[in-house]
Amino acid sequence: MVNDKIDIRNLNVWFRDNHVLKDVSFKIRENAVTAIMGPSGCGKTTLIRAINRMNDLIYGCRTSGDVYIDGHNIYDGNINVYELRRKVGMVFQKPNPFPKSIYENVAFGPRIHKVASGRELDEIVERSLREAALWDEVKDRLHDNAFNLSGGQQQRLCIARALAVKPEIILMDEPCSALDPAATAKIEALIRRLSKKYTVIVVTHNLQQAARISDFTAFLYMGKLIEYGDTKSVFENPHSELTEKYITGKFG
Amino acid sequence: MNLESFLKSLHKLFMRLKSQPVEFILFFCASFSIVILLLMFLFVVKEGSLAFVRLGVQLIFGQRWETNSDLYGGFPLVYGSLMVVSGALVISVPLGICTSIFIAEVLPFQLRDPVKSIIELLASIPSVIYGFIGATFLAPLIASIFELHSGATALTASLILAIMVLPTIVGVSGETISAVPRDYKEAALALGASKWQIIRNVVLPFSKSGMLASVMLGFGRAIGETVAVLMVAGNVAMVPTPPWNYLAPVYPVTAVIAMQMGEAAVGSLEYSALFGLGSILFIITFVVNTIADVIVRRGPVTRGVQL
Amino acid sequence: MSGQTGERVIFAILGVPMLICMLIFSWILSLLLTGIGSVRWELLTVSALQGGMFEMIVGTIYLLLGATAIAGPVGILAAIYLVEYAPSRGLTRIIDQAINNLAGVPSIVIGLFGYTFFCRHLRLGVSLTAGWLTLALMMLPIIIRGSEEALRMVPASFKEAALALGATRWKAISSTTLPAAAPGVVTSVILGIARVAGETAAILFTSCVLITRGLPRSPLEPVMALSYNLFVKIVALGTPAQKVFGVALVLFMIVTSLSLSAILLRIHYRKGQPWLMIR
């Protein structure tokens, strides 16, 4: 069964006088990987930060339009943003584990939402680390500082941390841009696996990466959604001339 | 750094300076602060040496300070200082730290600069003006509330001093809060942490050492404050009875120095005792500031800190 | 959503202290403004011998000008050394530490030092010069730290561009880095002046007297100052508040306008320099 998880309608975002996203509308499929690509500064990051309302906290940012998740408008006045962000996990460009132990990093989310403690929490930590394909590498040193991990491990830890609060959607903002090719390959494989259970949205400016990992691809240019469709058709047979130029490396 | 390599690098520095006149002048200006600090220590301690030799620990622990009988026991003064300073910190530390958190994390963005500017203005008001306000407005108020003859008490001094150190605490602790990496805040935010949870779980653990430093710097400010305290403390060189009576007058160390220097004959025991107290003050503030500085400089360590 | 209500309560509790700070400020302001009616402004230009404030105001300005003339150049050059020249981080750290310690020395101790060193050891006596030097010591850390910060904010690429064109190091710094940092440096000097404009304890024994016949004729004569006058009149002479209100108010206005201009200047130039917008 195929469902649309997120429905973005006429989304506009301004930073002060700067119109960053212009009337973006599209639907994101459940349990699939959607890649958002485009040259830098095209609004990719702003777009995914609109999905968990992280833009709210930027001074001078204004949003209009609607984003529906499971049919609920997240820009509705009485939505609980904290609950929203629990449901919509996020992984950042640069791995940003807390300066705490590996265990405490993963336990941070469950702790603040008071969903588990003791044995139950141990189980959540283990499950999340397994899901993030990190468990075998760290199971003997859960109480080491997270900074002792390599960059790729740190990024997977951040993914585990996001998984620990049982999200339904995972947003990833160029998760591999700070990593070497080997670590990137691991994360990419992980993203594929995660899409069986979660709706994954990945921002990337790496074309090959978008082609490799995603089921659907959106192409943004200057704040506008130029093209959106399943990855194969976007890459092999783009509708827009702009997309074709971008894919063939004429600019960007 | 061991001494030998330090001297070696110093030698190298001088060789270079000899060939570079511009750099030499600049270096001279930069090292000025060190020279002054050394001179300050030497001269103030030198003038106090007579008192150190003749009075010994009596200068701090002696019970009676009576100029007429040539008795210079500093205990009532030290006690007065500590009383006033601790009173001030009890008020200003919670106020200051809450304020700095509120400004940095809760206050709407547009209001931050104006509020910070007002607090900075509060810091720039000269102490003699605070003393004037304390003596003319606060002291009568205290006198009428507690039905005292005179409103010049340890409490009055504590209150004025609290206002005076507030900006220091707000400023320094605010700086450490704004040094908390944005990455961590965003990570917590994306996990669905509320503002308060971010403050408690990310901001506070990160900035607690900086907050401690702000308290120490506040202490250094408070213990050295002279004019304002002098104008409202009552200036009676006795430990209040009972010792926790904040409605009694006290005579803090700084006030004694300021009031009696004018009358003390150069070279007399009194003169030397005042410098002796001054050197103790110098050493205390030096140590406190150095510790605070080390804490701040070590800063919000991103490695190895356990939140 | 009880969590959010609880949060509101916590924020309200955190907000109260800030409101108290604001109330204190407005209280002080209102107290001082109540005196404005009783001040006779014509006294500004009347000699102190006839009950005016002329010599105090001019004396304060003399003290500030001299102290700035000493601490300004020394402080700015020291900051340039620390930012642009200092060879090792170890040395910079020691100097930085000394500067912070100097900033933390209580003003009364600076006054004691000024008295034994400048007045007695250097035989300057209780004089304008001794006051200049003493106040300069208090301004120095503020100027150095402020200028240092301003210099560090200028991108190294400015200087490198000049160096790449063959300029000497000093030429490169003085023609690119320094002009770019100038507003910040000026701000730090103004803040330094504001810090010592109302200083009392440091000039108590070094340069002030209660009354002089006219203005000092040489830098070796003592001087009158607003802060000193206010202090002595209240503490030693027990003058009623109404009579010194004018002095307090003038001093307050001088200091506050200095700090306010420094604050506004800083806000203004941070906006004006595009490279500062990049975090």
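Remarks
- The alpha carbon radius of gyration of the stretch B:1-129, expressed as a multiple of 2.2 N^0.38 Å, is 1.74.
- Per-residue mean of foreign Cβ neighbours for C:232-242 is 3 (Cβ atoms of other chains, 10 Å radius).
- Using the rule -39500 (n - 2.57) for each DSSP H run of four or more residues, divided by the residues of chain B, the 222 nm mean residue ellipticity is -23500 deg cm²/dmol.
- If you wrap the stretch A:100-158 in the convex hull of its Cα atoms and look at it from every side, the mean projected area works out to 3.6 nm².
- Working note: Karplus 6.51/-1.76/1.60 with θ = phi - 60° gives the stretch C:239-252 the couplings 5, x, 4, 4, 6, 9, 4, x, 4, 4, 5, 4, 4, 4 Hz, where Gly and Pro are set to x.
- For B:LYS208, a cut-off of 17 angstrom between C-alpha atoms picks up these aspartates and glutamates, skipping any fewer than 8 places away in its own chain: B:GLU105, B:GLU175, B:ASP293.
- Straight-distance candidates among the lysines for linking to C:LYS243, with alpha-carbon spacing under 22 Å and chain neighbours fewer than 8 residues away dropped: C:LYS233.
- Computed from point charges on the beta carbon alone (+1 for Lys and Arg, -1 for Asp and Glu), the dipole magnitude for the protein assembly as shown about its Cα centre is near 1020 Debye.
- 25 Å Cα-Cα reach of A:LYS139 towards lysines, excluding residues that sit fewer than 8 places from it in its own chain: A:LYS94, A:LYS100, A:LYS114, A:LYS166, A:LYS186, A:LYS196, A:LYS197
- Principal axis box of the protein assembly as shown, alpha-carbon based, largest edge first, Å: 99, 70, 58
- All Cα pairs of chain B, percent lying beyond 29 Å: 51
- Rg/Rh (Cα only; Kirkwood hydrodynamic radius) as it applies to chain C: 1.06
- Loop-located chymotrypsin sites (Phe, Trp or Tyr not before Pro) in the stretch A:31-117, at most 12 other Cβ atoms within 10 Å (DSSP): A:TYR59
- 222 nm mean residue ellipticity, helices alone, for chain C (DSSP H n ≥ 4; -39,500 (n - 2.57); rounded to 500): -22500 deg cm²/dmol
- Across the stretch A:125-252 the C-alpha pair distances fall into 5 Å bins from zero in the proportions 2, 10, 19, 20, 16, 13, 9, 6, 4, 1, 0 percent.
- Per residue, the convex hull spanned by the Cα atoms of chain A amounts to 129 cubic angstrom.
- Relative exposure of A:SER233, B:SER209, judged by other C-beta atoms within 10 Å (fewest first): A:SER233, B:SER209
- Take each residue of peptide C:73-82, count the partner chain Cβ atoms within 10 Å of its Cβ, and average: the result is 5.
- Residue order, fewest to most beta carbons within 10 Å, for B:MET211, B:MET261: B:MET261, B:MET211
- Sites listed here are trypsin sites (Lys or Arg not before Pro) in the stretch A:123-191 whose DSSP assignment is loop and whose Cβ has at most 15 other Cβ atoms within 10 Å: A:LYS139, A:ARG141.
- Within the protein assembly as shown, percent of DSSP bridges classed antiparallel, to nearest 5: 55
Laboratory data are not the source of any read-out in this text; all were calculated from the coordinates shown. Given the structure is predicted, the values throughout are model-derived calculations rather than measurements. Because the Cβ atoms are built from the backbone with ideal geometry, glycine has one as well, and the counts that use them run over all protein chains shown.
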